[in-house]
1. Per-residue HN-Hα couplings for region 64-79, Karplus 6.51 cos²θ - 1.76 cosθ + 1.60 at θ = phi - 60°, whole Hz, x for Gly and Pro?
2. In terms of modelled amide H atoms, which long-range or inter-chain residues lie less than 5 Å from the amide H of Tyr80?
3. In whole Hz, with x marking every Gly and Pro, tabulate ³J(HN,Hα) for region 11-27 from phi via Karplus 6.51 cos²θ - 1.76 cosθ + 1.60, θ = phi - 60°.
4. Based only on the alpha carbon positions, what is the Kirkwood hydrodynamic radius of the chain, in angstrom?
5. Please report how far the C-alpha centroid of region 39-91 lies from that of region 13-36, rounded to the nearest whole angstrom.
6. Asn64's amide H: which non-local residues (gap 5+, or another chain) put their own amide H closer than 5 Å, with H modeled 1.01 Å from N in plane and none for Pro or chain starts?
7. So what is the relative contact order for the chain, in percent, with contacts set as C-alpha pairs under 8 Å and at least six apart?
8. Tell me, in nm to one decimal, what length is gained between Ser26 and Asp81 on full extension, where the rule is 0.36 nm per residue of separation less the Cα-Cα distance?
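Laboratory data are not the source of any read-out in this text; all were calculated from the coordinates shown. Fair warning: this is a prediction, and the values are worked out from it, not measured in the lab.
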Amino acid sequence: MNVEKELIFNGLKKRYDVVIFNSDGSIFLVVECKRSTITINQKTFDQIAQYNMILEAEYLMVTNGLNHYYCTMDYEAKRYDFLREIPDYKR
């Protein structure tokens with residue numbers, strides 16, 4: 001697991017909040033955390049989707065501590081599909 005690590009996206013320095021790895025080193029989950037006073041909206045999902053263009057995680061999560069949203073990436077269609085929950089982590 002990594003917390004608050006820097007990555008470069010289109011020449012700009014960005015920082016993701018949390019990444020959970022699979023045992024093979026691939027990324028299982030990327031989490032974007034916002035303050036509880038921040039409303040989660042399309043801009044928030046666009047931010048995590050940009051990070052994921054580099055990270056290529058299986059699942060994405062956005063939370064403000066009150067509301068939690070989960071999705072998986074459809075790389076062929078270049079979109080994310082919402083889920084009710086993140087599937088169980090399997091080693």
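1. 10, x, 10, 10, 10, 10, 10, 8, 10, 8, 9, 5, 5, 8, 6, 8
2. Asp74
3. x, 10, 7, 10, 9, 8, 8, 9, 10, 10, 9, 7, 5, 8, x, 6, 9
4. Evaluated on the chain, it is 13.5 Å.
5. 10
6. When sequence neighbours closer than 5 places are left aside, the close amide H contacts are Lys34.
7. 21 percent.
8. 17.8 nm
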